[in-house]
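What follows is a set of notes on a single structure, which appears directly below.
Read-outs throughout are calculated quantities, based only on the coordinates presented, and are distinct from any laboratory measurement. Small disclaimer: the values here were computed from a predicted structure and weren't measured. Note: ideal-geometry Cβ built from the backbone for every residue, glycine included; neighbour counts use all protein chains shown.
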Amino acid sequence: MDFAFNPDQRELRETLRAFLGRHATSNAVREAALGGDGFGRAAWERLVGEMELTSLAIPAEAGGTGASFVEVGIALEELGRTLLPVPYLPTVCAAAAVAGSAAAGPLLERIVAGEAVAVALDNAEALRASGDGDAVTVDGSARHVLDAPHAAAFVCAVELEGEPALVAVDRDAAGVEVVPEATLDQTRRQGELHFDASPATRLSAPGDGRAAVERGRAFFRQRVFGLRETPDADRAAQLGDLLARQSPTRGRGTHRLRGDTMHLFHRRFESCHFSGNGSGSPSGTGMRKTLRIIDIST
């Protein structure tokens, strides 16, 4: 099996690297991160306009380029080389979460057009939805939502009719409030979302909500952290989930963590670092998965 990039993928990497080399210098990144709202808006508009970067994550039938997650991963890696503060990661995560949804067409069109979307996928118990059909209302709050201050819409996991569901909420909808949160990493802003009977669109079909939410979460575990669900790696996967809910920064496996998260991370590592084969030995799949997380968090 050939794992090398094909010519189109190499061209994408080289083109994006050249663009970022000109427009995402250290000074430009510092100015965007510290000089305003933490959004490299000018670079973002060119990335999603001229380069159609968000289209990579959208199927051709929905107006995108129909690329694979390999191309999306190349884009994430190259953006991470410069730490350019743009909301690409949550936007493509939203696209992954709503893949196959019949009601997601308008949202996918907005992503293709370059609008940023944030995701809140670990707050189903805190966010409640009610209503019939695709039109619902959402109440509750979600914290530490990556790039929420820059998003035009939010894809959220909610509790609806006693089960998880996926909904889309427009930033300009009634009852929506976005409160910026202080973060250590100024290239990746976070926000707290508050919904008060906010109108939303149900994206997941009845009975498919749990699977739809997992698709979004799996994007972080499998595409960003490189984890796979296996019975003997459950504890390492839980650690991956913990890290995914925090503030990941793009890059070659680099993820900056808030100080309190790092403390908890060390405690979690102590509890799972010899869980590979259940005998105290550091060998086994669980240990290998854990070490992969260690590598990306340093």
Practice problem: Just round it to a whole percent: the fraction of Cα-Cα distances in the range 110-157 exceeding 17 Å. | Solution: 41 percent
Quiz item: When the chain is fully extended, how far beyond the present Cα-Cα distance does Ser141 get from Arg210, taking 0.36 nm per residue of separation?
Solution: 22.9 nm
Practice problem: Enumerate the amide H contacts of Glu181 below 5 Å, restricted to partners 5 or more residues apart or on another chain; note that Pro and chain-start residues carry no placed amide H. | Solution: Gln190, Gly191, Glu192
Self-check item: Rg and Dmax of the range 10-108, Cα atoms only, in Å
Solution: 13.9, 43
Quiz item: What do you get for Rg/Rh of the range 117-211 when both radii come from the Cα atoms and Rh is the Kirkwood radius?
Solution: 0.97
Self-check item: Length gained when the stretch Arg10-Glu109 is fully extended (0.36 nm per residue, less Cα-Cα span)
Solution: 33.0 nm
Exercise. Choose one of Pro206, Ala118, Val155: the residue whose Cα lies farthest towards the positive end of the charge dipole of the range 117-211 (beta-carbon charges +1 Lys, Arg; -1 Asp, Glu; about the Cα centre).
Key: Ala118
Quiz prompt | In nm, spacing of pseudo-spin labels at Ser68 and Ala182 (7 Å Cα→C-beta vector) | solution = 4.5 nm
Quiz prompt | Stokes-Einstein D in µm²/s, Kirkwood radius over Cα pairs - the range 1-51 at 20 °C with 1.002 mPa s viscosity | solution = 172 µm²/s
